Structure formats: C-alpha cells, structure tokens
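Engineer: The structure that follows is given in the form of structure tokens.
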Amino acid sequence: MTRKGAVCRDDLVSRTQRLGDDYRFVRLDAPDEEPLLSGMFEVTELRPGLVLQRTHLRDLRAMTTEVELRPALGVVVLLEGSAEVTLGGRSVGIGGRGGRRPEALLFSLTRPELFTRRSMRDATERKVSVNMEPRWIEDSGFALEGSAAVARLVRTHLAMHRFEPSSRMVALAEQMLRIPRYAEAARSLYLESRALDLVIEALARLDEADASNAVPDPMPLAPDEHDRVRLVRALLDRGEADTSVAQLARRFGVNASTLESQFRAATGTSVMAYGRERRLELARAALETRGVRVGEAAAIAGYGSPANFATAFRRHFGVSPRQCRAKV
C-alpha cells in the first residue's frame with residue numbers, strides 16, 4: 001500500500017497528462033510500485049485550458065522525466081527547488097543550483113515542445129505554475145495585445161523572461177500552496193482567483209522590464225533553422241558530438257557563426273556550453289545509475305583530469321561526484 005503523501009509512477013503519469021502528452025521516464029531505477037516523490041504534486045484544470053500545478057515535494061529517487069507540453073503561455077513561481085528543467089532543450093534558468101531564493105519565469109509555446117526535468121535524490125521543490133492554453137486565452141477575453149511586450153512574448157515560440165518575483169507574487173504562491181481553512185468550501189474558485197492574480201502580476205513585471213529595455217526581442221528562427229538546431233541538440237544530448245562548432249556547421253551545411261547564432265537563439269546558450277553541460281549530465285547519470293568510478297565518469301564528461309572533472313561537477317550540480325555515486 002502506498003503511504004500517505006507518496007506519489008508513485010502511475011500518479012505522475014496521470015496527473016501530468018493535464019499539462020501535456022507522452023509523459024515518460026528517461027532515467028529511473030525503481031520498481032513500478034515504489035513511491036518516487038513525497039509530498040504534494042497536484043495538477044488541476046481550473047477551467048478548460050487553464051491549468052494550475054501545485055508542488056511541495058521531495059524526490060525519493062534520482063530520475064529524468066519528459067513530457068511534451070501543449071502550446072501555452074505560462075507563469076512559474078519557484079519558491080524553493082533544486083531540480084534542473086529544460087524546455088525545448090533550453091535551460092529555463094531557474095532552480096538547478098539548490099538555492100532558496102524565490103525565482104519566476106514567464107514562457108510562451110506556440111507549438112508543442114519537450115519539457116525535461118532532471119532531479120537528484122532528496123532534492124526538494126516548492127512551486128506554483130499556471131499554464132494558459134490558446135483556447136482559454138481566446139475564451140477568457142484576456143487582452144494580451146494591449147501590451148507590446150506581452151504580445152511579443154506570446155507570438156514567439158520558446159520565449160522566456162526570468163525575473164525576481166514581487167512580494168505579492170510570492171504571497172499568492174504561498175496562499176495557493178497553503179489554502180486557508182475558510183477557503184476550502186470554495187477551493188476551486190479560491191485557487192482560480194489567486195492564479196489569475198499571479199498571471200496579472202507577472203505580466204505587469206514584464207511590462208516594467210520592457211519599459212526599462214530589459215527584455216530583448218528574441219531572434220525568430222525559420223522552421224528549417226529550428227530543425228537544424230534540434231538535430232545538433234540531439235547529437236549533443238547523446239554525447240556523440242565531440243567535435244568543434246566548425247565541424248558541426250559543415251555537417252549541417254552552414255557556417256560556424258550562423259550555427260552558433262541560431263543555436264543560441266533557440267536554446268539561450270552556446271553550442272559548446274550546451275555540450276559540456278550535457279556531458280556532465282551523462283556522467284552524473286552513469287554515477288547514479290551504474291555506480292561507475294569517478295575516473296570513468298570524467299572520461300564520459302570529456303575530462304582528462306578527474307580533479308578538473310570533480311571541480312566542474314561540483315560547480316554545476318552543487319555536490320561532488322563521490323556524493324552522487326554514494327547514493328547508488
């Protein structure tokens with residue numbers, strides 16, 4: 001029997017289906033019936049196309065999961081968390097370092113996109129996110145065109161705006177995680193009102209940033225350019241592209257500067273930086289799931305020196321390779 005407050009494999013799959021399709025476990029070493037999370041993981045469709053996720057949990061296992069998110073405008077407030085997440089292969093830029101300072105993100109998907117979450121055992125997460133799908137935006141009469149910054153965000157696939165949440169946003173997120181007793185009778189309405197307040201506050205912050213010229217206009221990519229970046233990223237994700245940017249560019253029929261600018265526009269980072277991070281993640285997976293020696297993990301990550309590898313690993317993940325290996 002599953003203990004109270006535990007979230008198992010089937011729970012994760014069924015609840016996450018409200019956000020997207022084809023939820024899967026990329027990396028997980030646990031029996032089907034064993035709890036994977038401890039705490040609260042709740043995904044609620046408040047209205048058709050308006051989805052709220054409330055998370056207050058601890059990871060019981062190291063794992064990597066993927067889901068194809070549906071097109072949406074999203075607001076995320078991370079109160080505490082150390083899971084690493086990417087959207088379309090691009091780091092969302094919040095969490096992943098074990099910090100306890102609240103962070104926020106506005107993002108836009110104009111088409112389905114892959115969302116990946118990588119977590120370590122005993123990592124914690126307290127988060128609220130609101131996804132607004134096009135059907136809800138249209139039915140609700142949300143006047144997104146009233147703001148140039150918001151309109152630009154909504155029409156740009158994989159646009160992201162990271163910012164420090166206001167005290168009001170933090171308070172709203174806390175209220176949604178800890179519903180007061182008086183509000184239980186009207187729980188859905190209470191959550192919906194807080195969710196809309198959170199969205200309005202986040203869009204106001206975007207307008208403020210735009211007024212101060214803090215929001216760059218993302219470089220749009222053509223479909224074939226997005227496809228090229230996807231193929232390059234797939235090579236890097238498998239750890240197979242251990243070559244220079246120039247060699248990759250020749251392979252895909254463009255010059256190095258064009259590939260670099262397109263890759264940065266799509267992922268928010270350089271080709272080589274993305275490759276280094278992915279090799280480190282592959283090394284971490286080998287440590288956690290196969291218990292390889294630190295020297296072997298260094299080779300997987302492309303480091304000739306285990307000491308240099310350990311330094312880079314600790315800087316990236318906040319723990320040493322030996323600490324990861326000890327959890328196998």
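The values are calculated or read from the model by the stated rules, or taken from the named source; none is laboratory data. Just so we're clear, the structure is a prediction, and the values are computed from it rather than from any experiment. Positions of Cβ are generated from backbone atoms using ideal geometry, with glycine treated the same way; all protein chains shown enter the neighbour counts. Surface accessibility is based on the protein's heavy atoms, side chains included, excluding ligands, DNA and RNA. Shrake-Rupley method; radii C 1.70, N 1.55, O 1.52, S 1.80 Å.
Engineer: Which trypsin sites (Lys or Arg not before Pro) from the stretch 4-60 combine a DSSP loop assignment with at most 10 other Cβ atoms within 10 Å?
Structural biologist: K4
Engineer: Further question on the same structure: Post the alpha-carbon centroid distance, the stretch 39-104 to the stretch 284-321, in whole angstrom.
Structural biologist: Result: 26 Å between the Cα centres.
Engineer: Using the Karplus curve 6.51 cos²θ - 1.76 cosθ + 1.60 with θ = phi - 60°, what ³J(HN,Hα) values do you get for each residue of the stretch 107-115, in whole Hz, with x for Gly and Pro?
Structural biologist: Residue by residue, the stretch 107-115 yields 9, 9, 10, 8, 8, x, 8, 7, 10 Hz.
Engineer: On to the next question. How much of V292 can a 1.4 Å solvent probe reach, expressed as accessible area in Å² and rounded to 10?
Structural biologist: 10 Å²
Engineer: Using a 1.4 angstrom probe on heavy atoms only, work out the carbon and sulfur share of the accessible area of the chain in %.
Structural biologist: After summing per-atom areas, the C and S share lands at 49 percent.
Engineer: Ignoring ligands, DNA and RNA, what accessible area per residue does the chain give at 1.4 Å, in Å²?
Structural biologist: With all protein chains present, the chain gives 48 Å² per residue.
Engineer: So, one more: Which of these values of volume of the Cα convex hull per residue in Å³ was calculated from the structure shown: [x] 275; [y] 142; [z] 152?
Structural biologist: Recomputing volume of the Cα convex hull per residue in Å³ here gives the entry labelled [y].
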